[in-house]
Amino acid sequence: MVLIRKKFRKQFGIIIFMILISSLIGCSAQKKDASQIEKDDGIIVGFSQIGAESAWRTCNTRSVQDAAAERGVQLVYANAEQKQENQIKALRSFIAYQVDVIVFVPIVTDGWDNVLQEARDAGIPVLVTDRKIDVEDQSLYAGFIGTDSLKEGRNAGLFVLDTFEHKREQLDPAKDHINIVELFGTEGSSVALGRAEGFREVLKSHPEYRIVYSKSGDFLRSKGYELAVEFLEMYDDIDVIYSHNDGMTLGVIEAMEERGLRPGKDIVIITIDAQQAAIDALREGKVNCVIECNPKTGPEIIKLAEKLAAGESIPRLQYVHEQVFYETDDLSLIEPRGY
Ligand code: GYE
């Protein structure tokens, strides 16, 4: 009976579910016709993604979708279009459909307790990826796989210290402090909070390094440009720009060049993600340090989802491999980034 119910659910349920979720939040679930569903015996994973705000994000989505297809996993993809309420709707739809596993990228850290309690009541394991969540009851999700944003922030701070300690003799002796501008990622997101915390942790014992401006560009190129227009009007003695992602950095570079400023020369620029455009800018001397944040986590995510579907436990916390690219490296060795 259970087998028939499960099979029926897969046939009837997927079609109804895709109609429901597409109407709810404009998702682009992978379309399957009934005949295909018959053959599929892969697990069903509900995947709630933040949106498509950056090259990093679209690469991350593609990585999960390709890995699911590779493994014969039925992936129901929901694009939240940058809204937490859409993510919560999608998770509730996954629960209603009784997917085998939920994988989601929490756009912000808070506000997930109730819907994750509903998933647990429905017996559906949850894998959190890319960004972290803050819940009362840690058992509401099985584990996390993603980026170590605290380490990314620390690496950015160390690069700033290293750069100016080496440049000390070149600086104007009358200059007794280093002015830093920070482009913050999405407010309330664990990655932006971690990148800011790690950066400040390294600089806190060096009071001559001052963050004179810090605003959220929401990881968007357009907002990075707008913020640059603002802070370049406000300050004429900026030494460093620390940007939480390459998308915002590309907006800053555009604004600087429009004003005849030389990014990477007049102002030191550190950026995070390591998308191709940032590596190109590093090679052109327009940025000075690119900190990798690896979006290609699809294969590992699907492997963990399969474990959860099989009732196995998974590591509580798993960070992906990441490196830092410096202007002084042999940049010809960097492989094409694919995003
Ligand atoms: O840095 C940015 C994306 O959550 C690590 O979100 C991700 C961040 C990434 O929009 O480009």
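Some notes on this structure:
- Residues of the range 139-195 that turn out to be of a type in the set (Ser, Thr, Tyr) and farther than 23 Å from Val103 by Cβ, as a count: 1
- Residue satisfying all of: in the range 256-276; outside any loop (DSSP other than H, G, I, E, B) and within 23 Å of Lys151 (Cβ to Cβ); farthest from the chain's Cα centre (by Cα) among these: Val268
- For the range 203-241, a residue qualifies if it is farther than 13 Å from Glu182 by Cβ and β-branched (Val, Ile, Thr), and exactly one does: Val229.
- Verdict on Tyr225 being out of contact with any strand residue (DSSP E or B) (no Cβ under 9 Å at 6 or more places or on another chain), over 20 Å from Lys151 (Cβ atoms) and surrounded by 16 or more Cβ atoms within 10 Å (Cβ to Cβ): yes
- For the range 132-141, a residue qualifies if it is hydrophobic (A, V, I, L, M, F, W, C) and more than 16 Å from the ligand (Cβ to nearest atom), and the qualifying residues are Val135, Leu140.
- Residue in the range 86-98 that is under 17 Å from the mean Cα position of the chain (by Cα), among the aliphatic types (A, V, I, L, M) and more than 26 Å from Arg200 (Cβ to Cβ) present: no
- Failed item, numbered, when Glu327 is tested on (1) under 20 Å from the mean Cα position of the chain (by Cα); (2) open to solvent by 60 Å² or more (accessible area, probe 1.4 Å): (1)
- Top-ranked residue of the range 304-334 - restricted to ones that are charged (D, E, K, R) and in contact (Cβ under 8 Å) with a residue 60 or more places away in the chain, ranked as farthest from Ile124 (Cα to Cα): Glu327
- One residue stands out among those in the range 289-322 that are closer than 22 Å to Leu183 by Cα and open to solvent by less than 10 Å² (accessible area, probe 1.4 Å): the one that is farthest from the ligand (Cβ to nearest atom), which is Cys289.
- Near pairs, Cβ below 8 angstrom, 6+ apart or cross-chain, from the range 221-247 (at negative phi) to any residue that is among the basic types (Lys, Arg) and part of a helix (DSSP H, G or I): His244/Arg195; Gly247/Arg221
- Within the range 224-270, the set of residues being within 16 Å of the ligand (Cβ to nearest atom) and of a type in the set (Asp, Glu) comprises just one member, Asp246.
- Leu227 under 18 Å from Cys293 (Cα atoms), among the aliphatic types (A, V, I, L, M) and modelled with pLDDT of 95 or more: no
- Complete set of residues in the range 149-183 that are open to solvent by 30 Å² or more (accessible area, probe 1.4 Å) and within 16 Å of the ligand (Cβ to nearest atom): Leu150, Lys151, Arg154, Asn155
- Residue within the range 178-198 that is without any contact (Cβ under 8 Å) to a residue 60 or more places away in the chain, outside any strand (DSSP E or B) and within 26 Å of Arg262 (Cβ to Cβ) present: no
- Annotation: Phe144 fulfils all but one of (1) surrounded by 23 or more Cβ atoms within 10 Å (Cβ to Cβ); (2) assigned to a strand (DSSP E or B); (3) within 16 Å of the ligand (Cβ to nearest atom); the unmet one is (1).
The values are calculated or read from the model by the stated rules, or taken from the named source; none is laboratory data. Quick caveat, the model's predicted, so the values are computed rather than measured. Counting neighbours? That spans all protein chains shown, and the Cβs are built from the backbone with ideal geometry, glycine included. Note: accessible area is taken over every heavy atom of the protein model, side chains too, but ligands, DNA and RNA are not part of it. Shrake-Rupley method; radii C 1.70, N 1.55, O 1.52, S 1.80 Å.
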